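Following: one structure in structure tokens, then a few remarks.
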Amino acid sequence: MREKVLEVLCSVNPKIANHINDDLIEAGVIDSFEIVNVVMELEGALNVEIDPEMINPENFQSVNAIVNLMEKLSK
């Protein structure tokens, strides 16, 4: 799962590969517009539906947070 999520994230923003362990928002790697793109790409690639209430900084601040969210949604 982690590899697929990372692949999708890097397709949206290749800079994410250099910030795998960082807070992506705080580091300025992604912003709210890119989070929307990430959501759309993840939904398509992983065949999941991300509830708008789940689209918050806590769930998208790091690669690990995004992977955890996708793992929950794909169960």
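The values are calculated or read from the model by the stated rules, or taken from the named source; none is laboratory data. Given the structure is predicted, the values throughout are model-derived calculations rather than measurements. Positions of Cβ are generated from backbone atoms using ideal geometry, with glycine treated the same way; all protein chains shown enter the neighbour counts. The protein model used for the area step is the full one, side chains on, heavy atoms only, and it has no ligands, DNA or RNA in it. Shrake-Rupley method; radii C 1.70, N 1.55, O 1.52, S 1.80 Å.
Brief remarks follow.
- Residue in segment 19-34 that is open to solvent by 80 Å² or more (accessible area, probe 1.4 Å) and of a type in the set (Phe, Trp, Tyr) present: yes
- Among the residues of segment 41-59, the ones that are closer than 19 Å to Lys75 by Cα and either under 11 Å from the mean Cα position of the chain (by Cα) or surrounded by 13 or more Cβ atoms within 10 Å (Cβ to Cβ) (or both) come to 10 in all.
- Taking the criterion of being assigned to a helix (DSSP H, G or I) and among the charged types (D, E, K, R), the residues of segment 7-60 that qualify are Glu7, Lys15, Glu34, Glu41, Glu43, Glu53, Glu58.
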